[in-house]
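One structure is given below, encoded as structure tokens.
The values are calculated or read from the model by the stated rules, or taken from the named source; none is laboratory data. Small disclaimer: the values here were computed from a predicted structure and weren't measured. Backbone-built Cβ (ideal geometry, glycine too); neighbour counts: all protein chains shown. Heads up: the accessible areas ignore ligands, DNA and RNA and are worked out on the full protein's heavy atoms, side chains in. Shrake-Rupley method; radii C 1.70, N 1.55, O 1.52, S 1.80 Å.
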Amino acid sequence: MTPINPPIEGFHYDLPDCSEAWPTGMQTSWCPTECDLYCSKDCEGAWNSVQCRRKCDKDCMNNCLFVPCCTREEKCDYGVHHVRESCRISYWERTRTSDWKATGWC
């Protein structure tokens, strides 16, 4: 993402664009083992341990491999340039979209 000059207060310039947000090699190698260990303990003694394990494995891997990211949108409305960003900060939270912010003329 190219920062808008001057930076817009509240925007997450430290996060990658969502189209480029991929897990690191460390995440992909570490997550399966970590999730296996976590889920075996978490589902121990569960009424339906197979179902518990399947759901736990899926949720754990998705959360472990998740990379926080933002997508910026731009528009020109009546000669005024506007931007907003939509960010996913956590796997468990929905996407947060900011209000449109005027940045200049277009």
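Within the range 8-28, the set of residues being over 30 Å from Trp100 (Cβ atoms) and open to solvent by 80 Å² or more (accessible area, probe 1.4 Å) comprises Met26 only.
In the range 41-66, of all residues being of a type in the set (A, V, I, L, M, F, W, C) and farther than 28 Å from Pro16 by Cα, the one that is most open to solvent (accessible area, probe 1.4 Å) corresponds to Trp47.
For the range 67-90, the set of residues classified as out of contact with any Pro (no Cβ under 8 Å at 6 or more places or on another chain), open to solvent by less than 60 Å² (accessible area, probe 1.4 Å) and assigned to a loop (DSSP other than H, G, I, E, B) consists of Pro68, Gly79, listed by residue number. Going through (1) in contact with an Asp or Glu (Cβ under 9 Å, 6 or more places away or on another chain); (2) free of Cβ contacts under 8 Å to residues at least 24 places away in the same chain one by one, Val50 falls short only on (1).
There is no residue in the range 33-53 that is under 30 Å from Trp105 (Cα atoms) and either part of a helix (DSSP H, G or I) or under 23 Å from the mean Cα position of the chain (by Cα) (or both).
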